[in-house]
Every structure is written in C-alpha cells, then in structure tokens.
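The structure under discussion appears below in the form of structure tokens.
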Amino acid sequence: MSHSRHLTLTDLAATMALGDRLAGVLVAGDVVCLAGDLGAGKTTLARQVIARMCGIDDAPSPTYTIVQVYETDAAVALWHVDLYRIEAPGELEQLGLDDAFDDAITLIEWPERLEDDLPADRLEISIAITGAGVDTVRDARITGFGSWESRVDEF
C-alpha cells in the first residue's frame with residue numbers, strides 16, 4: 001500500500017523549498033529515494049536537505065564517491081548516496097546501506113539500482129521535467145510506503 005501526492009516545482013526556489021520542508025520532518029531511520037532523469041533536480045533537492053540539516057551549503061555530488069556521509073545538527077548521520085555508477089548488484093553489498101537504513105537518514109539517487117533491496121518504509125520522490133524553454137517545470141510525485149504512508153502530508 002502507498003499514499004501519494006503531486007507537486008509542481010516551477011523553479012529552483014520551489015525545489016529548494018521542498019528540500020527545506022523535507023529536512024524539517026526527517027529522523028534517524030528515514031530513507032528517501034530520489035528518482036528522475038539526469039538534470040531533473042535530484043541532487044539539488046538532496047543538497048538543500050543537507051544544507052538545512054547539516055549546515056553545508058555546497059555539498060558535493062556523490063556521483064563518483066557513491067556515498068557521502070554527514071552529521072546533522074541533531075547528531076544523526078545523513079548518507080547521500082548516488083547509485084548511478086553501480087553496474088552489478090554485488091557492488092551494493094560493499095556500501096553498508098543496511099546499517100544506514102537502520103540508524104541514519106538516507107537520501108538515495110537512482111534508487112532503482114537497489115531493485116528488491118529497497119526498505120519497505122521509504123519515501124519516494126520522482127521528479128519529471130515537463131515543458132520546454134521558459135515553460136519548463138518539474139513535476140514531483142511524492143509517495144510514502146510503510147510508515148511513510150501517514151507522513152507524506154507532513155511536509
């Protein structure tokens with residue numbers, strides 16, 4: 001079962017505002033899956049959450065390191081994970097994501113690489129680019145699974 005809602009992100013400020021609202025509700029053990037094509041705004045959203053929760057304004061993308069770990073102001077680890085470069089399921093075992101799922105806040109870009117290993121309790125934010133030129137906007141579908149079903153409307 002799941003619960004969804006849609007938002008239209010009309011500009012960068014709207015994406016950052018979503019990141020601010022999301023950062024305000026995240027706690028240890030939360031997993032947020034960020035899906036969408038290249039350039040959709042996944043990293044922008046994750047960076048805003050990191051800025052708000054960890055005080056780091058220019059967090060690097062973990063595209064090449066795969067995982068970046070930060071400490072939030074509440075002394076909870078925040079993992080920013082980018083699975084774009086993962087090619088084989090065996091590579092995932094080395095990351096230690098199960099530990100992060102239990103104790104940290106985990107933001108995962110390209111979560112589809114996890115296939116069946118996604119936790120049952122998770123928030124999925126899928127961002128799609130629509131329109132063209134000055135009419136370009138991003139549509140965000142926000143879906144809560146497990147314990148997130150009742151939390152989707154919190155932010």
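The values are calculated or read from the model by the stated rules, or taken from the named source; none is laboratory data. Since we're looking at a predicted model, the values are computed, not measured. A quick note on method: Cβ atoms are made from the backbone with ideal geometry, for glycine too, and the neighbour counts reach across all protein chains shown. Only protein heavy atoms, including side chains, enter the accessible area calculation; ligands, DNA and RNA are left aside. Shrake-Rupley method; radii C 1.70, N 1.55, O 1.52, S 1.80 Å.
The residue that is farthest from Ser61 (Cα to Cα), among those in region 79-97 that are in a loop (DSSP other than H, G, I, E, B) and either modelled with pLDDT under 90 or among the hydroxyl-bearing types (Ser, Thr, Tyr) (or both), is Ala88. In region 59-78, the residues that are assigned to a strand (DSSP E or B) and open to solvent by less than 30 Å² (accessible area, probe 1.4 Å) form Cβ pairs under 9 Å with partners that are at pLDDT 95 or above and of a type in the set (Ser, Thr, Tyr), at six or more places apart or across chains, as follows: Leu78/Tyr70; Leu78/Thr72; Leu78/Thr106.
Arg122 meets all of the listed conditions (1) at pLDDT 95 or above; (2) open to solvent by less than 70 Å² (accessible area, probe 1.4 Å); (3) under 24 Å from Asp11 (Cα atoms) but one, namely (3).
Which one of these is of a type in the set (Lys, Arg), at pLDDT 90 or above and touching an Asp or Glu at 6+ places or on another chain (Cβ under 8 Å): Arg5, Arg21?
Values: Arg21 fails: touching an Asp or Glu at 6+ places or on another chain (Cβ under 8 Å).
Only one candidate qualifies: Arg5.
Here are Ala100, Ala35: which of them is modelled with pLDDT of 95 or more and either within 11 Å of the chain's Cα centre (by Cα) or among the hydrophobic types (A, V, I, L, M, F, W, C) (or both)? Every option except Ala35 fails the conditions. Restricting attention to region 32-58, the residues that are buried (at least 18 other Cβ atoms within 10 Å of the Cβ) and of a type in the set (D, E, K, R) add up to 3.
Scanning region 79-94 for residues that are open to solvent by 70 Å² or more (accessible area, probe 1.4 Å) and closer than 17 Å to Val32 by Cβ yields a single hit, Tyr84. Being among the β-branched types (Val, Ile, Thr) and out of contact with any strand residue (DSSP E or B) (no Cβ under 6 Å at 6 or more places or on another chain) holds for only one residue in Thr43, Thr106, and it is Thr43.
Pairing residues of region 91-109 that are at negative phi with residues that are open to solvent by 20 Å² or more (accessible area, probe 1.4 Å) and of a type in the set (S, T, N, Q), at Cβ distances under 7 Å and at least 6 apart in sequence or on separate chains, gives Glu109/Thr43. When the test is whether a residue is among the small types (Gly, Ala, Ser), touching a residue at least 60 places away in the same chain (Cβ under 8 Å) and out of contact with any strand residue (DSSP E or B) (no Cβ under 7 Å at 6 or more places or on another chain), Gly19 does not pass it.
Select, from Leu97, Leu107, the only residue that is of a type in the set (A, V, I, L, M, F, W, C), touching a His at 6+ places or on another chain (Cβ under 7 Å) and open to solvent by less than 70 Å² (accessible area, probe 1.4 Å). Please lay out each step first, then the result.
Working: Leu97 fails: touching a His at 6+ places or on another chain (Cβ under 7 Å).
After applying the criteria, what remains is Leu107.
What number of residues within region 2-32 are in a strand (DSSP E or B) and over 11 Å from the mean Cα position of the chain (by Cα)? Can you show your working first?
Taking region 2-32 as the starting set, the residues that turn out to be in a strand (DSSP E or B) are 2-9, 31-32.
Now restrict to residues that are over 11 Å from the mean Cα position of the chain (by Cα): 2-9.
Qualifying residue count for the region: 8.
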